[in-house]
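The values are calculated or read from the model by the stated rules, or taken from the named source; none is laboratory data. Every value quoted in this text rests on a predicted model; they were computed, and no experiment measured them. Neighbour counts are summed over all protein chains in view; Cβ atoms, including those assigned to glycine, are modelled from backbone coordinates with ideal geometry.
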């Protein structure tokens, strides 16, 4: 944490593992971040009281969270999670499946060969710890943003017939509940980003 004038800084965490994507809760009471600290196998959200003390794990999901955004009322969190096999399924397999190339964009620097695992939007209820899937399919979602009343989520997605062959992405909005209908907000034939 750094003072507004940059003259004072305070180290808040000291785990061996790294922390990323720090966010204040909307009420300003907690600082949250992503980490796979203390034997946690996947990247989860940790919550630390701004007055001090050790961080506690807020989410305990099977899969790693790649991004998250708090709802303005601090009751829910929009999550971006990539499709994955469960660790139980991965442990049962003794040999790796052969790589099947069935898409135009099949390889990328860093991750290597790409599978059809997509980034989808979920909503996590902080009080009940319930996780609901909001989006599915052969599309990636990113940059979620809550409406001021905490009822809807806007996000970016390329939902064209062949998203690997174009840079088009549009802004979409939906109610923050399972099974809600999606509404396309933009139709520009290029990249639309940053719904905030």
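Here are the numbers for the structure shown:
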quantity	calculated
Residue within the range 130-144 that is free of Cβ contacts under 8 Å to residues at least 40 places away in the same chain, exposed (fewer than 12 other Cβ atoms within 10 Å of the Cβ) and closer than 16 Å to residue 76 by Cβ present	yes
Among (1) closer than 30 Å to residue 162 by Cβ; (2) touching a residue at least 40 places away in the same chain (Cβ under 8 Å); (3) under 22 Å from the mean Cα position of the chain (by Cα), the one test that residue 108 misses	(2)
Residue check, residue 68 surrounded by 16 or more Cβ atoms within 10 Å (Cβ to Cβ), at pLDDT 80 or above and assigned to a loop (DSSP other than H, G, I, E, B)	no
Residues located in the range 123-159, provided they are touching a strand residue (DSSP E or B) at 6+ places or on another chain (Cβ under 9 Å) and closer than 30 Å to residue 98 by Cα	133, 135, 136, 137, 139, 140, 141, 142, 157, 158, 159
Which numbered condition residue 187 misses (of (1) touching a strand residue (DSSP E or B) at 6+ places or on another chain (Cβ under 9 Å); (2) modelled with pLDDT of 85 or more; (3) loosely packed, with under 11 Cβ neighbours inside 10 Å)	(2)
Condition check for residue 176: modelled with pLDDT of 90 or more and over 25 Å from residue 57 (Cα atoms)	no
Filter result (within 14 Å of residue 82 (Cβ to Cβ) and in a loop (DSSP other than H, G, I, E, B)) within the range 111-150	111, 114, 115, 116, 117, 118, 135, 136, 137, 138, 139, 140
Flag if residue 177 is part of a loop (DSSP other than H, G, I, E, B), touching a residue at least 40 places away in the same chain (Cβ under 8 Å) and within 20 Å of residue 65 (Cβ to Cβ)	yes
Total residues in the range 28-53, condition closer than 19 Å to residue 2 by Cα and loosely packed, with under 15 Cβ neighbours inside 10 Å	7
Test: residue 13 is outside any strand (DSSP E or B), in contact (Cβ under 8 Å) with a residue 40 or more places away in the chain and crowded, with 19+ Cβ neighbours inside 10 Å	no
Of the criteria (1) modelled with pLDDT of 90 or more; (2) over 20 Å from residue 128 (Cα atoms); (3) in contact with a strand residue (DSSP E or B) (Cβ under 7 Å, 6 or more places away or on another chain); (4) in a loop (DSSP other than H, G, I, E, B), which one residue 26 fails	(2)
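Residue-by-condition table, conditions (1) surrounded by 15 or more Cβ atoms within 10 Å (Cβ to Cβ); (2) more than 24 Å from residue 40 (Cα to Cα); (3) at pLDDT below 90:
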site	(1), (2), (3)
78	yes, no, no
89	no, no, yes
104	no, yes, yes
112	no, yes, yes
124	yes, no, no
